[in-house]
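Peer 1: Can you keep this structure in mind? I'll have questions shortly.
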Amino acid sequence: MITVNAIGDACPIPVVKTLNAIKELKGPDIIETLVDNETAVQNLTRMADKKGCAVKSEKLGEKEFKVTIEVGDAALAAPVDTENVTCELPRTGKKNTVVVISSKAMGHGGDELGTALMKGFIYALSQQEQLPTTILFYNGGANIPVEGSVSLEDLKSMEAQGVEILTCGTCLNFYGLTEKLAVGEVTNMYTIVEKMTGADLIVKP
């Protein structure tokens, strides 16, 4: 039996730690993951179900839960992907905030400064207590959610916490980036308009 201590860890770290523990197993075994919130319990249960593992959870205290996962041969044979972990966070009462990014640089002026400002904006966005519902990338903004982007890890972090990230397919094609999209999904102008018109708040850096 292996015990994974993920108490105090934010999503998706408990799932990633557990997947890493599964990766290290030499044969069928049991993994117990300790977490401090019910959302983590739900995300771990969802992950275990997808891998075909038997799973059960137990509340040990006010802010302490134990998730027990029985890892069998089938789960061990399946590839373990810790790079694209997703999880869900509660969004009760949250505004439908949509961030629209139409350029790889923020503001008007020097490109070097504008690019640095955009990197800072996306990082600051990822650190907010309430994350946006959706981030839309179009026109020059399509250069950001791709391989080699300085903002890629911040975007992956937000996606893992439930933020929807959509990039204009026509724009990716125009810049020759279709095969380099590294986070989120490809979308179209109809969906972009739908997301923007249905938003409670639109933020444009």
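Peer 1: Can you pull out the residues in segment 107-136 that are among the charged types (D, E, K, R), surrounded by fewer than 13 Cβ atoms within 10 Å (Cβ to Cβ) and either assigned to a helix (DSSP H, G or I) or in contact (Cβ under 8 Å) with a residue 12 or more places away in the chain (or both)?
Peer 2: Asp111, Glu112, listed by residue number.
Listed here are the residues, each with its yes/no results for (1) buried (at least 16 other Cβ atoms within 10 Å of the Cβ); (2) aliphatic (A, V, I, L, M).
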position: Val4; (1), (2): yes, yes
position: Val16; (1), (2): yes, yes
position: Asp29; (1), (2): yes, no
position: Ala40; (1), (2): yes, yes
position: Val55; (1), (2): yes, yes
position: Glu70; (1), (2): no, no
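Peer 1: Further question: Among the residues of segment 151-173, are any in contact (Cβ under 8 Å) with a residue 60 or more places away in the chain, of a type in the set (A, V, I, L, M, F, W, C) and out of contact with any Asp or Glu (no Cβ under 6 Å at 6 or more places or on another chain)?
Peer 2: Within segment 151-173, one or more residues are in contact (Cβ under 8 Å) with a residue 60 or more places away in the chain, of a type in the set (A, V, I, L, M, F, W, C) and out of contact with any Asp or Glu (no Cβ under 6 Å at 6 or more places or on another chain).
Peer 1: Identify the residue in segment 18-27 that is within 16 Å of Ala74 (Cα to Cα) and surrounded by fewer than 16 Cβ atoms within 10 Å (Cβ to Cβ) and, among all such residues, is nearest to the chain's Cα centre (by Cα).
Peer 2: Checked segment 18-27; the qualifying residue nearest to the chain's Cα centre (by Cα) is Lys23.
Peer 1: Do you know which residues across segment 169-205 are within 17 Å of Thr133 (Cα to Cα) and not aliphatic (A, V, I, L, M)?
Peer 2: Those that are within 17 Å of Thr133 (Cα to Cα) and not aliphatic (A, V, I, L, M): Gly184, Glu185, Thr187, Thr191, Glu194, Lys195, Thr197, Gly198, Asp200, Lys204, Pro205.
Peer 1: Here is a follow-up. Name the one entry in Lys180, Lys195 that is modelled with pLDDT under 95 and not assigned by TED's automatic domain parsing to the domain that holds Thr39.
Peer 2: Just one listed residue meets the conditions, Lys195.
Peer 1: Moving on. Check Asp111, Asp154 and return the single one that is outside the structural domain of Asp9 (by TED's automatic domain parsing) and over 30 Å from Thr39 (Cβ atoms).
Peer 2: Of the residues listed, the single one that is outside the structural domain of Asp9 (by TED's automatic domain parsing) and over 30 Å from Thr39 (Cβ atoms) is Asp111.
Peer 1: Grab the strands (runs of 3 or more DSSP E) fully contained in segment 145-205, keeping just those with 3 or more residues being surrounded by 13 or more Cβ atoms within 10 Å (Cβ to Cβ).
Peer 2: Of the strands (runs of 3 or more DSSP E) lying wholly inside segment 145-205, those with at least 3 residues that are surrounded by 13 or more Cβ atoms within 10 Å (Cβ to Cβ) span 164-168, 185-187.
The values are calculated or read from the model by the stated rules, or taken from the named source; none is laboratory data. This structure is a prediction, so every number in the text was calculated from the model and none was measured. Quick reminder, even Gly has a Cβ in these numbers, built from the backbone with ideal geometry, and neighbours come from all protein chains shown.
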